[in-house]
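The structure appears below as structure tokens.
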Amino acid sequence: MIRLFVIIPIVLCLLWLVYLRWHGWSLKQGRQGFVYIIVFSATIAAFYSVMLWLTQY
């Protein structure tokens, strides 16, 4: 389960990088997208971590 918390943001960032390169944009132009991906992934990881902790008992 922990692997997914690491793999999902990496895959999403790689897809975003491919999208940026495909359209000819620089990393600086797409920086906000990386921030969104990291924040979104961290939120999901925190939610699932809390749910695992709460339902463990």
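The values are calculated or read from the model by the stated rules, or taken from the named source; none is laboratory data. The structure displayed is predicted, hence computed values, not measured ones. We place every Cβ from the backbone using ideal geometry, glycine too, and count neighbours over all the protein chains shown.
A few notes on this one:
- Candidates Ile38, Ile8, filtered to the one that is modelled with pLDDT under 90 and assigned to a helix (DSSP H, G or I): Ile8
- Subset of segment 26-43 [of a type in the set (A, V, I, L, M, F, W, C) and surrounded by 14 or more Cβ atoms within 10 Å (Cβ to Cβ)]: Phe34, Ile37
- Flag for Val6 being within 12 Å of the chain's Cα centre (by Cα) and not basic (Lys, Arg): yes
- Which numbered condition Ala45 misses (of (1) modelled with pLDDT of 90 or more; (2) in contact with a Pro (Cβ under 9 Å, 6 or more places away or on another chain); (3) not basic (Lys, Arg)): (1)
- Close pairs (7 angstrom Cβ cut-off, 6 or more residues apart or separate chains): free of Cβ contacts under 8 Å to residues at least 60 places away in the same chain and surrounded by 13 or more Cβ atoms within 10 Å (Cβ to Cβ) in segment 7-25, of a type in the set (A, V, I, L, M) and part of a helix (DSSP H, G or I) anywhere: Pro9/Ile37; Pro9/Ile38; Leu12/Ile37; Cys13/Ile37; Trp16/Ile37
- In segment 11-35, the residues that are among the polar types (S, T, N, Q) and assigned to a loop (DSSP other than H, G, I, E, B): Ser26, Gln29
- Only one of the listed residues (Ser49, Ser41) is more than 15 Å from the chain's Cα centre (by Cα) and either at positive phi or among the polar types (S, T, N, Q) (or both). That residue is Ser49.
- For first residues located in segment 29-44 and within 14 Å of Leu15 (Cα to Cα), partners that are of a type in the set (Ser, Thr, Tyr) and in a helix (DSSP H, G or I) and lie 6+ apart or on another chain with Cβ distances below 9 Å form the pairs Gly30/Tyr19; Gly33/Tyr19.
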